[in-house]
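The values are calculated or read from the model by the stated rules, or taken from the named source; none is laboratory data. Remember, predicted model here, so these are calculated numbers, not experimental data. Virtual Cβ from ideal backbone geometry, glycine too; neighbours counted across all protein chains shown.
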Protein chains: 2
Amino acid sequence: MNDNKNLDESDLQSISEIELINRITKSFKTKNDSTILDIGDDAAILKFEKNKLAISQDILVEGVHFDLSYVPLKHLGYKSVVVNISDIISMNIKPSHILVSIAVSNRFKVKALEELYEGIRLACSYYNVDLIGGDTTSSNKGLMISVTCIGNTENNKITQRNGVKEDDLLVVSGDLGAAYMGLQILEREKKVFEVNPNSQPDLSNYTYCIQRQLKPEARIDIINLLEELKITPTSMIDISDGLSTEINHLSNSSGFSFHIYEDKIPISEETKKACDEFKLDHSVAYLNGGEDYEVLFTVSKRHEKKISNCEQLTIIGSSVKKKDDNCMITSLGQKININSSGWDSFN
Amino acid sequence: MNDNKNLDESDLQSISEIELINRITKSFKTKNDSTILDIGDDAAILKFEKNKLAISQDILVEGVHFDLSYVPLKHLGYKSVVVNISDIISMNIKPSHILVSIAVSNRFKVKALEELYEGIRLACSYYNVDLIGGDTTSSNKGLMISVTCIGNTENNKITQRNGVKEDDLLVVSGDLGAAYMGLQILEREKKVFEVNPNSQPDLSNYTYCIQRQLKPEARIDIINLLEELKITPTSMIDISDGLSTEINHLSNSSGFSFHIYEDKIPISEETKKACDEFKLDHSVAYLNGGEDYEVLFTVSKRHEKKISNCEQLTIIGSSVKKKDDNCMITSLGQKININSSGWDSFN
């Protein structure tokens with residue numbers, strides 16, 4: 001009926017909801033045997049051989065969680081999936097299915113939504129996750145994306161926040177603060193562009209930070225690595241809202257406090273350079289900056305050697321009795337209280 | 001730390017995300033043995049004895065799906081749950097768990113969100129559904145609610161849209177069009193109020209229609225009834241977007257068409273009266289008006305007697321070979337083509 005190419009530039013009013021759904025989901029292929037029924041009915045049907053599953057839901061709002069003036073829609077689609085997958089991974093569980101609902105204003109073109117779903121498809125493909133449903137509706141203003149992610153487990157290795165034991169090692173994957181500095185750089189370039197629309201941003205000095213902000217990955221490789229090493233963490237969380245916030249979450253859930261060591265915290269040279277250029281203390285980036293989607297977990301001390309041998313993992317501290325506050329010990333031996341001051345949705 | 005009473009009238013900025021979540025979820029109690037871990041970690045954990053589950057997700061947007069000038073927040077919370085539960089029920093499956101994410105602007109008071117969650121809690125309690133997670137974040141404007149609902153099944157009675165057989169009976173529960181007329185009445189009163197803010201709306205003639213709009217129920221009783229009657233429908237769908245749209249969905253999924261009979265369609269006297277007052281043909285309400293959340297299903301003809309004896313069920317037509325269009329046969333014997341002209345998100 002409609003010519004596909006012309007529809008690309010069409011407004012959403014020119015296409016029915018069904019046509020739109022067919023268009024944006026036609027290139028999705030399911031991969032998991034557990035997917036009995038995917039998109040197209042009132043609900044999806046899943047069948048799990050083993051009977052424990054994890055489920056989480058996030059919502060991303062234009063102007064709050066992302067700025068379309070510098071975030072390409074394909075990256076946004078990819079990131080929306082990654083953010084949610086990361087919640088399942090931080091239970092030590094592999095994600096298998098997602099549902100994606102969007103509310104979108106009529107100012108968007110059909111092609112724009114196809115870009116968004118191309119990013120979603122790429123993430124599904126990379127993480128072996130099946131898109132099984134969702135909802136597509138209009139909004140008065142802007143774009144909202146809500147993602148539900150499901151994972152299932154064949155074993156009892158689920159890691160909750162409350163499993164911390166006394167004297168456990170506190171371990172973090174990758175490095176911290178880069179996504180936050182990527183955001184600062186993109187925000188600065190946006191301001192430059194607003195003043196001079198002919199300016200060409202030179203982002204070549206900060207490719208790592210910008211990539212960490214625009215196209216983060218969830219650390220499914222760490223889940224696989226821990227499985228290989230036969231290590232089950234006592235607790236785990238992903239770093240979406242900043243290290244200090246996540247440490248406080250683990251502390252509140254488990255009843256233990258944590259001491260971390262400033263000189264142990266992994267931070268890339270590029271992130272340090274960006275901090276210096278922005279005249280920000282490095283700790284602002286690694287303690288308070290969010291969106292790195294690294295995993296933070298506790299393990300028994302007996303795994304110290306195995307963990308130390310992993311390039312992707314860094315022991316940054318340990319759990320202590322609750323009577324002590326959560327604190328960071330500086331290279332000069334000073335104790336700094338770590339209050340949660342990462343991302344808070346309403347402040 | 002904070003005085004509870006004073007916080008009621010506080011803006012959302014004055015409370016942390018964690019405090020807010022604790023406040024709005026503290027009165028929720030889980031009831032299902034399958035709920036291993038609910039709110040408070042990165043993901044919820046569920047364990048099902050039987051291994052098939054249904055999952056659906058919806059998104060509701062202020063100004064598109066609801067108007068807070070006449071929808072009380074408690075009703076909105078209740079309805080948000082019902083709308084999603086209805087999708088699971090229309091697979092012939094009982095709902096067991098929900099996740100609710102909200103994005104909300106700072107103009108809302110803490111007390112307003114508590115009202116919303118009180119409605120959610122009431123629906124959870126009525127339908128024996130556990131709230132197990134979600135996300136709470138800010139928006140630049142308005143309120144969005146995204147709900148994911150999960151149900152699990154102990155048998156193979158799942159009813160998909162594609163199961164229709166030739167010559168099946170088409171059956172609807174309850175009556176149609178009342179929710180749509182309730183919306184017309186509320187919209188009219190809103191306009192009157194805008195002109196004269198001192199006017200007191202007299203809604204007493206239309207309590208049924210207004211209740212159907214503001215506080216719909218999902219037909220879990222029909223699922224139970226069909227189980228008692230030992231009837232497994234060949235297909236099922238819920239009527240959220242209007243009878244004609246839902247018939248078209250069943251038709252497109254199954255490859256059969258449907259003939260329905262005008263004089264069989266259940267419509268309440270109050271709905272008819274409202275149509276007459278608004279000078280609307282009754283068919284606008286029952287064919288195109290949505291949000292009744294009744295179920296529409298097909299069954300084999302051999303169940304005709306059992307179905308006819310159920311006060312809550314009406315046989316409105318039957319399935320025919322696809323070469324015929326979907327049509328409504330009037331009391332004068334005329335065939336009217338039923339094109340989908342119910343709710344479409346983008347038009």
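One residue alone among B:116, B:99, B:169 is outside the structural domain of residue B:21 (by TED's automatic domain parsing) and either in contact (Cβ under 8 Å) with a residue 12 or more places away in the chain or touching a Gly at 6+ places or on another chain (Cβ under 8 Å) (or both), and that residue is B:169.
Going by the conditions given, is residue B:84 farther than 22 Å from residue B:135 by Cβ, in contact with a strand residue (DSSP E or B) (Cβ under 9 Å, 6 or more places away or on another chain), outside the structural domain of residue B:188 (by TED's automatic domain parsing) and in contact (Cβ under 8 Å) with a residue 12 or more places away in the chain? In short, no. Within the range B:133-147, if we keep just the residues that are more than 7 Å from every other protein chain (Cβ to nearest Cβ) and surrounded by 24 or more Cβ atoms within 10 Å (Cβ to Cβ), the residue that is nearest to the chain's Cα centre (by Cα) turns out to be B:147. The set of residues in the range B:148-181 being assigned to a strand (DSSP E or B) and either touching a Cys at 6+ places or on another chain (Cβ under 7 Å) or within 9 Å of another protein chain (Cβ to nearest Cβ) (or both) consists of B:148, B:149, B:150, B:151, B:153. Output yes when any residue across the range A:35-55 is among the hydroxyl-bearing types (Ser, Thr, Tyr), in contact with a Gly (Cβ under 7 Å, 6 or more places away or on another chain) and closer than 16 Å to residue B:56 by Cα, and no when none is. Checking the range A:35-55: not a single residue is among the hydroxyl-bearing types (Ser, Thr, Tyr), in contact with a Gly (Cβ under 7 Å, 6 or more places away or on another chain) and closer than 16 Å to residue B:56 by Cα. Of the residues B:143, B:122, the single one that is over 25 Å from residue A:150 (Cα atoms), out of contact with any Ser or Thr (no Cβ under 8 Å at 6 or more places or on another chain) and of a type outside the set (D, E, K, R) is B:122. One residue is enough: does the range B:192-206 have a residue meeting the conditions in contact (Cβ under 8 Å) with a residue 40 or more places away in the chain, closer than 26 Å to residue B:126 by Cβ and either crowded, with 16+ Cβ neighbours inside 10 Å or of a type outside the set (D, E, K, R) (or both)? Among the residues of the range B:192-206, at least one is in contact (Cβ under 8 Å) with a residue 40 or more places away in the chain, closer than 26 Å to residue B:126 by Cβ and either crowded, with 16+ Cβ neighbours inside 10 Å or of a type outside the set (D, E, K, R) (or both), which makes the answer yes.
With respect to residue B:297, is the statement that it is farther than 30 Å from residue A:103 by Cβ, aromatic (Phe, Trp, Tyr), out of contact with any Leu (no Cβ under 7 Å at 6 or more places or on another chain) and surrounded by 21 or more Cβ atoms within 10 Å (Cβ to Cβ) true? So residue B:297 does not fit the description; no. Does at least one position in the range B:318-330 carry a residue that is among the aliphatic types (A, V, I, L, M) and touching a Cys at 6+ places or on another chain (Cβ under 7 Å)? Checked against the condition, which is being among the aliphatic types (A, V, I, L, M) and touching a Cys at 6+ places or on another chain (Cβ under 7 Å), the range B:318-330 yields no hits at all.
Of the candidates A:257, A:240, A:251, A:244, the single residue that is away from every other protein chain (no Cβ under 13 Å), under 23 Å from residue A:89 (Cβ atoms) and of a type in the set (Ser, Thr, Tyr) is A:244.
Look at (1) touching a Lys or Arg at 6+ places or on another chain (Cβ under 8 Å); (2) closer than 25 Å to residue B:128 by Cβ; (3) assigned to a loop (DSSP other than H, G, I, E, B) and you find that residue B:218 fails only one, number (1). On the stretch given as the range B:8-45, residues that are of a type in the set (A, V, I, L, M) and either farther than 22 Å from residue A:84 by Cα or buried (at least 20 other Cβ atoms within 10 Å of the Cβ) (or both) total 8. Pull up the range A:213-237, narrow it to residues that are over 28 Å from residue A:66 (Cα atoms) and touching a strand residue (DSSP E or B) at 6+ places or on another chain (Cβ under 7 Å), then point me to the one that is farthest from the other protein chains (Cβ to nearest Cβ). The selected residue is A:231. Counting just the residues of the range B:89-115 that are polar (S, T, N, Q) and surrounded by 24 or more Cβ atoms within 10 Å (Cβ to Cβ), which one comes out modelled with the lowest pLDDT? Result: B:96. Looking across B:263, B:238, B:281, one residue alone is without any contact (Cβ under 8 Å) to a residue 60 or more places away in the chain and either touching a Pro at 6+ places or on another chain (Cβ under 8 Å) or over 15 Å from residue B:339 (Cβ atoms) (or both). It is B:281. When A:38, A:58, A:11, A:42 are screened for being of a type in the set (D, E, K, R) and without any contact (Cβ under 8 Å) to a residue 60 or more places away in the chain, only A:42 passes.
Identification of strands (runs of 3 or more DSSP E) wholly contained in the range A:26-102 with 3 or more residues that are of a type in the set (Val, Ile, Thr) and within 11 Å of chain B (Cβ to nearest Cβ) yields A:52-61.
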